[in-house]
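Report on one structure; see the data block that follows.
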Amino acid sequence: MKKIYLDNAATTPVSPEILAAMEPYFTNKFGNASEPHFWGQEARKAIDEAREKIANFLGAKPKEIIFTSCATESINLAHKGLVESIKYKVSSIKCPHIITSSVEHKAVLETCKHLEKIGWAKVTYLPVDKYGIVDIKDIEQAIRPETVLVSIMYVNNEVGTIEPIEEIGRLIKEINVSRVARHLSPVYFHTDATQAIQYLDCNVDGLGIDLLSFSGHKLYAPKGIGALYIRSGVPIVRQQDGGGQEYNLRAGTENVPYIVALGKAIELVEQNKVHSTKCIEKLKSKLIEGVLKISGVKLVGHPQKQVPHIATFIVEGAEGEAMLLLLSDKGIAASSGSACTSGLLKPSHVLTAMGYKPQEAHGSLRFSLGKDTTLKEIDYVVKVLPEVIKKLRKMAPKF
Ligand code: PLP
């Protein structure tokens, strides 16, 4: 049976070039980068080089890049680290305020909820429009004297919609000018760029970003490596205590092979961005064209403000997880926003925030393409999906 992987937004396989780059650091070049001897210094050099590649890609300075284990850890460090720092350094702010959106990944939402639960922050969760986009005016209106952080994702992982990051960055910059004049603490801008880094401009100065999180396993590097960009001067208290690694912001012996892998992944993103964007866009158009021929199926997310690799549909009369299982039987791996937890079907918080009813949200189906996706595979999906939907609709009570 053919096996077709269309779940690249969940994770990607490690690419051979990346595996080759990281491999020596498991065996011959195994040193601890904190040691002054040859092995240690060889490892240190490899870390420095990877940091420099990532810094150049983001238009940042190397010392502004902190290696972590994943995007979730980067997000936790950014949010909790900033709030803790403000709590202790800025006496005028008793309870820091965070503004985020209701369609963020759980890594952001749960971190915010935790900060609320322990009484360290108040959080505003902004609504979105039917495409999943936050309104910049809502951000402006939500800002209060004690607001310290605006955290808006660059690209939504469930529907692929691109948020207006550059406009938000500009707004925050303008607001900060008047805040400084009023002796208020600045508002810092964090973006979760996990689904954006491969395809979109991530120049932190151009976009006005102070903190940016991402992960390697969406970029053909292994699971277990991520990074956080922290603009110089943004106050962050480390959340993992121990040694002085990562500029004293993330203790623990550095994972040299994985750091090398992330550096290589970014190098490859930079090299291949234009070509892979074009190829994937073409394949996605083909997929959308084919899938939309099925009656009762609609595309969700913004029609233009979209990343190339994500296409999400709502299928009337078919349930997401059931579609995934039948597609898997046909060798196709996709994803659905709804998750079956403890026997209860929970509709996607993203789709419900976009205004879809829970029963519509239950029928969501996400295909996410990658560098190895082929036209033949797309043709096969377009051929197989109508049969899968037909079969499920036969079982649906009202369809
Ligand atoms: N943010 C977004 C938008 C994501 O898509 C993901 C993973 O799917 C994460 C954060 C979490 O990434 P990680 O698993 O590397 O922590």
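The values are calculated or read from the model by the stated rules, or taken from the named source; none is laboratory data. It should be emphasised that the depicted structure is a prediction, and the values quoted were computed from it without experimental measurement. FYI the Cβ positions are ideal-geometry reconstructions off the backbone, even for glycines, and counts take in every protein chain you see. To get the accessible areas, we keep the full protein, side chains included, count just its heavy atoms, and leave off ligands, DNA and RNA. Shrake-Rupley method; radii C 1.70, N 1.55, O 1.52, S 1.80 Å.
What to note about this one:
- Placing ASP379, ASP138 in order of accessible area, with the largest value first and a 1.4 Å probe, yields ASP379, ASP138.
- Segment ARG170-ASP138, extension gain: residue separation times 0.36 nm, minus the distance between their alpha carbons: 10.1 nm
- Proximal aspartates and glutamates relative to LYS122, as straight alpha-carbon distance under 17 Å, when same-chain residues fewer than 8 apart are discounted: GLU84, GLU104, GLU110, ASP138, GLU140, GLU146
- Degrees between helix 106-117 axis and first principal axis of the chain (Cα, 0 to 90, nearest 10): 60
- Count Lys and Arg as plus one, Asp and Glu as minus one, and take only other residues whose Cβ is under 11 Å from that of GLY206; the net charge is then -2.
- Among the trypsin sites (Lys or Arg not before Pro) within segment 200-307, those in coil by DSSP and having at most 11 neighbouring Cβ atoms inside 10 Å are LYS293.
- Rounded to the nearest whole angstrom, the semi-axes of the ellipsoid equivalent to the chain, taken from the Cα gyration tensor as √(5λ), stand at 36, 28, 18, largest first.
- Low-density loop positions, trypsin sites (Lys or Arg not before Pro), segment 123-183 - DSSP coil, at most 12 other Cβ in 10 Å: LYS130, ARG182
- Residue-averaged [θ]222 nm for the chain, counting only DSSP H segments that reach four residues, each worth -39500 (n - 2.57): -13000 deg cm²/dmol
- Between the Cα long axis of helix 38-58 and the first principal axis of the chain there is an angle of about 60°, rounded to the nearest 10.
- Nonlocal amide H pairs with THR147, under 5 Å, H built at 1.01 Å: HIS97
- Rounded to whole numbers, the Karplus 3J(HN,Hα) couplings from phi for segment 227-243 are 8, 10, 8, 10, 4, 3, x, 6, x, 10, 9, 5, 9, 10, 8, x, x Hz, using 6.51 cos²θ - 1.76 cosθ + 1.60 with θ = phi - 60°, and x at Gly and Pro.
- Stretching LYS376 away from VAL90 to a fully extended chain increases their span by 97.1 nm, per 0.36 nm per residue minus the current alpha-carbon distance.
- Using alpha-carbon coordinates, inclination of helix 71-89 to the longest axis of the chain, degrees: 40
- For VAL388, solvent-accessible area (1.4 Å; no DNA, RNA or ligand), Å²: 0
- DSSP-defined antiparallel bridges as percent of all bridges, the chain, nearest 5: 55
- Label point distance in nm, LEU299-ASP241, each placed 7 Å from Cα along Cα→Cβ: 5.3
- Between MET395 and GLU116, the contour length at 0.36 nm per residue exceeds the Cα-Cα span by 96.1 nm.
- A Förster distance of 30 Å, applied to the separation of the beta-carbon atoms of LYS45 and GLU17, puts the FRET efficiency at 0.95.
- Sequence-distant aspartates and glutamates (8 or more away, or on other chains) whose Cα lies within less than 20 Å of LYS383: ASP7, GLU281, GLU289, GLU316, GLU319, GLU321, ASP329, ASP372
- Residues in segment 210-244 reached by a label modelled at SER34 [backbone nitrogen below 14 Å; 7 Å Cα→Cβ]: 240-244
- The alpha-carbon of LYS273 sits under 24 angstrom from the alpha-carbons of these lysines, leaving out residues fewer than 8 places away in its chain: LYS53, LYS61, LYS218, LYS223, LYS264, LYS282, LYS284, LYS286, LYS305, LYS371, LYS376.
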